Amino acid sequence: MLLLSRSLLSRSLLAASLARLPIRAAHTMSVSISSAFDGGNIEFVGQDAQVVQLRIRPDPYTELEKKQHMQWFAFRATLDHAADITYEIGNADKASYPNAWPGSQVVASTDRKNWQRVSSTRYDKESGKLSWEWTHTGTTVDRSVFFAYFDLYSYERHLDLVARCATASNAPNLKVGSLGQTLDGREIDVISVGTGSLQAWVIHRQHPGESQAAFYAEGLLVRLLGLDSQGVVDGLVSKLLLDYTFHVVPCMNPDGAVRGYLRVNAAGANLNREWANTGEYVAPTIVRSPEVFHTLAAMERTGVDAFVDVHGDEGLPFTFFSGSEGLNVWGTRLERLHGAFMGAYSRANPDMQPKFGYAATPKGEANLAICSNLVGERFNCLAGTLEMPFKDNAGNPAALSSFNGHRCARLGASLLDALSYVAPQLRGVEEPTFALPDDVYVLPVEEKAEVDAFLAANPKKMACRQ
Ligand SMILES: [Zn+2]
């Protein structure tokens, strides 16, 4: 009986695969599309001559925002002969931020390590399609090409990073552990290090489609623990580990990242709206947002003196630090700390800049369900959301490469320069004083007209130009 069943099963599988074969064979130019890998997201719609039609698969429904987010995509295109192919995402206009598409450029890689921008990327507002061309050479080297919204950072690489951190045996007071588990059963990894009394928390990738944040975490941890130099850290870090105890969560949302989501976790929760109750919506909860629940509980145990929540932003072609202007606790102290932090960060790494960013929320009107707002208010500390662009970084036109994962990692390393600069006045000083002209707080600008004027005056042609 068992044998018979197996035989029937194999016959029906064979019949099904044979039924598909002639379709493939009939189109000699057909491209095979796959997103069945860590972080993959695309649906194959069809192929018309040399145009491959695709759709982004939406995230699960988000109860709080009453919608299904989508914008992140990543897929593999396999073709065994030379051809010029147009890739076309037909539902780009249904994305969470359709206005962010103009000026965006898809990234491509054949080795999954080095990513290049695809300059032919364009968004047609009329048809609502995002498309680009790719010349497949037919050689072995580009038989499979990976395309994505930004450089891929896999869960395996995350696990490797955590394992590397655990080998940093010289690091003072090093603890590599887990805050708890996600809904899919992954650990919420945390790396703590340092003997200082100041508690710095840096968390990453609450929004899984923002892979910039994972590269940033890697750059931060590599410098903090000397992972690329046999545990030997630079002089600034040695001093910093006496001032601070760091708590780094490299990936807040591994479930969403593996599943190829843009904004949510396995239960459809947008983690960056789960940090406080909002009317009828109770958050965080262990059943819907354990990632937030466990992290906030750990912060309560240690206290927080400096906090950075690391993200990627679809729209603005800048790296920026969105502050706490809307908090009740915002005043002279936090404003001066914020200004000095941004001044030091921008001096350390020109990929950071203070001028362009989200418009400030009026004092007292901050949404406390957003992570950095809740942490800033609860702990009365320097806190913000750090955003890196999907587009090229217009704030640093002198850069020799377009904005990519390597530059995200360098921004993570440079965070330590900024935290070092503000450390002496982070606590216990009601009116901090900083001497340099660019330590002065800058009210960020978000208006499109001002951004466009800046881009138009840019001396170098940026990949983010429309
Ligand atoms: Zn985000």
* Asked: Out of all the residues in region 282-300, is one or more within 13 Å of the ligand (Cβ to nearest atom), part of a loop (DSSP other than H, G, I, E, B) and either modelled with pLDDT of 95 or more or among the β-branched types (Val, Ile, Thr) (or both)?
  -> no
* Residue check: is Ser414 assigned to a helix (DSSP H, G or I), of a type in the set (Ser, Thr, Tyr) and crowded, with 21+ Cβ neighbours inside 10 Å? -> yes
* For residues that are at pLDDT 95 or above and either surrounded by 17 or more Cβ atoms within 10 Å (Cβ to Cβ) or touching a Gly at 6+ places or on another chain (Cβ under 7 Å) (or both), tally how many sit in region 62-78. => 10
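Give region 84-115 a look and list any residue that's among the polar types (S, T, N, Q) and surrounded by fewer than 20 Cβ atoms within 10 Å (Cβ to Cβ), or say none.
Hits for region 84-115 are Thr86, Asn91, Ser96, Asn99, Ser109, Thr110, Asn114.
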* Structure fact -> Restricting attention to region 185-194, the residues that are touching a helix residue (DSSP H, G or I) at 6+ places or on another chain (Cβ under 6 Å) and either outside any strand (DSSP E or B) or of a type in the set (Ser, Thr, Tyr) (or both) number exactly 2
* To do: Note down all Cβ pairs under 6 Å where the first residue falls in region 196-223 and is more than 17 Å from Glu156 (Cα to Cα), the second is of a type in the set (Gly, Ala, Ser) and in a helix (DSSP H, G or I), and they're at least six residues apart or on different chains.
  => Leu220/Gly412; Arg223/Ala413
* Asked: How many residues does region 112-137 contain that are under 26 Å from the mean Cα position of the chain (by Cα) and farther than 12 Å from Ala92 by Cα?
  -> 13
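Could you please find all residues in region 372-388 being basic (Lys, Arg) and within 16 Å of the ligand (Cβ to nearest atom)?
none
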* Tally the residues that are farther than 17 Å from Pro250 by Cβ, out of contact with any Ser or Thr (no Cβ under 6 Å at 6 or more places or on another chain) and not β-branched (Val, Ile, Thr), restricting the search to region 371-389. => 10
* Could you identify the single residue in His338, His311 that is closer than 15 Å to Ser372 by Cα, within 16 Å of the ligand (Cβ to nearest atom) and not in a loop (DSSP other than H, G, I, E, B)? => His311
* Structure fact -> The correct count of residues that are of a type in the set (Ser, Thr, Tyr) and more than 21 Å from the chain's Cα centre (by Cα) in region 146-184 is 2
* To do: Can you tell me which residue among Ala435, Ala394, Ala369, Ala399 is within 16 Å of the ligand (Cβ to nearest atom) and over 17 Å from the mean Cα position of the chain (by Cα)?
  => Ala369
* region 53-82, residues that are basic (Lys, Arg) and either in a strand (DSSP E or B) or on the phi < 0 side of the Ramachandran plot (or both) -> Arg55, Arg57, Lys67, Arg76
* To do: Exactly one condition in (1) without any contact (Cβ under 8 Å) to a residue 60 or more places away in the chain; (2) touching a Lys or Arg at 6+ places or on another chain (Cβ under 9 Å); (3) not aromatic (Phe, Trp, Tyr) is not met by Ser96; state its number.
  => (1)
* Asked: Scanning for something more than 18 Å from the chain's Cα centre (by Cα) and hydrophobic (A, V, I, L, M, F, W, C), does region 317-324 turn up at least one residue?
  -> no
* Asked: Looking only at region 306-315, which residues are crowded, with 23+ Cβ neighbours inside 10 Å and either under 23 Å from Gly428 (Cα atoms) or touching a Phe, Trp or Tyr at 6+ places or on another chain (Cβ under 8 Å) (or both)?
  -> Ala306, Phe307, Val308, Val310, Gly312, Asp313, Glu314
* Quick check, is Asp392 acidic (Asp, Glu) and either touching a helix residue (DSSP H, G or I) at 6+ places or on another chain (Cβ under 9 Å) or more than 20 Å from Val445 (Cα to Cα) (or both)? -> no
* Asked: Which one of the conditions (1) more than 26 Å from Asn265 (Cα to Cα); (2) touching a residue at least 24 places away in the same chain (Cβ under 8 Å); (3) not hydroxyl-bearing (Ser, Thr, Tyr) does Phe37 fail to meet, given that it meets all the rest?
  -> (1)
* Residues that are among the polar types (S, T, N, Q) and away from the ligand (no atom under 12 Å from the Cβ), drawn from region 190-234 -> Ser192, Thr195, Ser197, Gln199, Ser229, Gln230
* Do you know which residues across region 314-331 are within 13 Å of the ligand (Cβ to nearest atom) and assigned to a loop (DSSP other than H, G, I, E, B)? -> Glu314, Gly315, Leu316
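The values are calculated or read from the model by the stated rules, or taken from the named source; none is laboratory data. Every value quoted in this text rests on a predicted model; they were computed, and no experiment measured them. As a convention, Cβ positions derive from the backbone with ideal geometry for all residues, glycine included, and neighbour counts pool all protein chains shown.
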